[in-house]
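Chemist: Before we start, here is the structure in question, set down as structure tokens.
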Amino acid sequence: MPDGKLRAAVVGAGWYAAQNHIPALAARPEVALDGVSRLGSHDLEKVRAHFGFAFASEDAAAVLARNPDIVVVASPHHLHHQHVMMALERGAHVLCEKPMTLNPSHAWQLVSEAERRQRYLLIANGYNYLPQVDALRRRIADGAVGTIEHAMCSFISATRDVFSGERGLESWKSAFFRPARGTWQDPANGGGFAYGQLSHSLALLFFLTGLAPVAVSALTNPGSGVDLADAAALRLSNGAVASLSGAAAMPQGNRALMRLFLTGSEGMLTAEFDRDWCEIRRNDGVVERLDLTDGAWVYKCDGPVNALADLALGKGSNLSPAMMGAQTTATIAAMLDSARQGGAPRPVAGRTGP
């Protein structure tokens, strides 16, 4: 670390990396922006000059050959496995954009590789880092609703124009870059709502409950070649059942709807992230509401970036670990497989290696 600073690299400096990840890194006085990679020489130089990276290359391997301490991988979904593996092999701690990968076996490989090299691997699931969410997770683990028997999670976001058509998000008009349509609209590269958005709600479900997916039955509502709405029934590792649904249907300019309901042997919990509202009702008559300020649960994703830097400095916690990223990838892959077979139940691929 030159001058005691973490040397940071960004692979895939597209619209969201330039909007969120790089500014969050640049705001950390302990971090030096060392290397950046993306395709397109003009756009690469634009991001290098604007943020002051020491080095830039369209070749991700050249950036990683500088042996950065921390790496943010925000390349298109289908390249995550390749780029994260390269970063881990160089000894870096890594933050990977969601979804972690498209192939479950690739995701589990990355989990094992990070463990083998004793490196931190985080997924960019910002909901997990919002105020009181980790404390809520601990409450649930301590039996706030008893043994979990049922979960329901719904997520409706303003992303229809991301996954279909040419319009895109209004915010892209003022963004550093506008992403290529194929990044989000090509099913072969993980386009569609499931990989693009259910990767948020599934990760939150697994994080809060501590339960793993076992099997799933799902249906999708295809749009322009990709799914725009999804619904699934899941079996979780303790025998609990869960329902999951989502759609790219919220009109632009409105806050995404994210709601989670948990029922257990001792009561139930309602968490409405779009309303900054959470309530626990227990069978013993106790009713508790979390003290959340307006806007406390508005989505943002600086938490994972700051966690990456903190962990590399020997502090903080990984609230979006690779294990949950792999569970999410495996669930989505099984969901889409089930939908192709008319909703037939499919097993969710678990870890098979060390």
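The values are calculated or read from the model by the stated rules, or taken from the named source; none is laboratory data. Only a predicted model underlies this, so the values are computations on that prediction, with no experimental measurement involved. Glycine gets a Cβ as well: all are built from the backbone with ideal geometry, and neighbour counts include every protein chain shown.
Chemist: His42: assigned to a helix (DSSP H, G or I), out of contact with any helix residue (DSSP H, G or I) (no Cβ under 9 Å at 6 or more places or on another chain) and either surrounded by fewer than 17 Cβ atoms within 10 Å (Cβ to Cβ) or assigned by TED's automatic domain parsing to the domain that holds Tyr195 (or both), yes or no?
Modeler: Answer is yes for this residue.
Chemist: Right, another one. Filter region 299-327 down to the residues that are farther than 24 Å from Arg255 by Cα, of a type in the set (A, V, I, L, M) and either touching a Ser or Thr at 6+ places or on another chain (Cβ under 9 Å) or in a loop (DSSP other than H, G, I, E, B) (or both) and list them by number.
Modeler: Result: Ala307, Leu311, Leu313, Ala326.
Chemist: Still on this structure, please answer the following. Could we say that Ala135 is surrounded by 21 or more Cβ atoms within 10 Å (Cβ to Cβ) and either in contact with a helix residue (DSSP H, G or I) (Cβ under 8 Å, 6 or more places away or on another chain) or modelled with pLDDT of 95 or more (or both) here? Spell out the reasoning first.
Modeler: Numbers: surrounded by 21 or more Cβ atoms within 10 Å (Cβ to Cβ): no; either in contact with a helix residue (DSSP H, G or I) (Cβ under 8 Å, 6 or more places away or on another chain) or modelled with pLDDT of 95 or more (or both): yes.
Answer is no for this residue.
Chemist: Which is more than 22 Å from Pro187 (Cβ to Cβ), in contact with a Lys or Arg (Cβ under 8 Å, 6 or more places away or on another chain) and among the hydroxyl-bearing types (Ser, Thr, Tyr), of Thr293, Thr270, Thr328?
Modeler: Thr270
Chemist: Give the number of residues within region 312-354 that are among the β-branched types (Val, Ile, Thr) and more than 16 Å from Leu205 (Cα to Cα).
Modeler: 1
Chemist: So which residues in region 113-155 are part of a strand (DSSP E or B) and out of contact with any Asp or Glu (no Cβ under 9 Å at 6 or more places or on another chain)? Talk me through it step by step, then tell me what you get.
Modeler: Of region 113-155, the ones part of a strand (DSSP E or B) are 121-123, 148-155.
Hits for region 113-155 are Leu122, Ile148, Glu149, His150, Ala151, Met152, Cys153, Ser154, Phe155.
Chemist: With respect to Ala144, determine if the residue is modelled with pLDDT of 95 or more and in the same structural domain as Pro222 (by TED's automatic domain parsing).
Modeler: Yes, satisfied.
Chemist: Check off (1) surrounded by fewer than 20 Cβ atoms within 10 Å (Cβ to Cβ); (2) part of a loop (DSSP other than H, G, I, E, B); (3) not polar (S, T, N, Q) for Asp161 and give me the number that stays unchecked.
Modeler: Condition (2) is where Asp161 drops out.
Chemist: Still on this model: Here is a check on your reading of the model: is Ala141 more than 26 Å from Asn221 (Cα to Cα), buried (at least 20 other Cβ atoms within 10 Å of the Cβ) and among the small types (Gly, Ala, Ser)?
Modeler: No; evaluated as a whole, the condition is false for this residue.
Chemist: In the set Ala229, Ala249, which member is under 19 Å from the mean Cα position of the chain (by Cα), surrounded by fewer than 21 Cβ atoms within 10 Å (Cβ to Cβ) and within 30 Å of Gln185 (Cβ to Cβ)?
Modeler: Ala229
Residue by residue, here is whether (1) in the same structural domain as Asp134 (by TED's automatic domain parsing); (2) of a type in the set (D, E, K, R); (3) out of contact with any Phe, Trp or Tyr (no Cβ under 6 Å at 6 or more places or on another chain); (4) without any contact (Cβ under 8 Å) to a residue 24 or more places away in the chain holds:
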{"position": "Arg259", "(1), (2), (3), (4)": "yes, yes, yes, no"}
{"position": "Glu279", "(1), (2), (3), (4)": "yes, yes, yes, yes"}
{"position": "Arg289", "(1), (2), (3), (4)": "yes, yes, yes, yes"}
{"position": "Met323", "(1), (2), (3), (4)": "yes, no, yes, no"}
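Chemist: Of the residues Val133, Val162, which is of a type in the set (A, V, I, L, M, F, W, C), closer than 24 Å to Asp294 by Cβ and not assigned by TED's automatic domain parsing to the domain that holds Arg48?
Modeler: Every option except Val133 fails the conditions.
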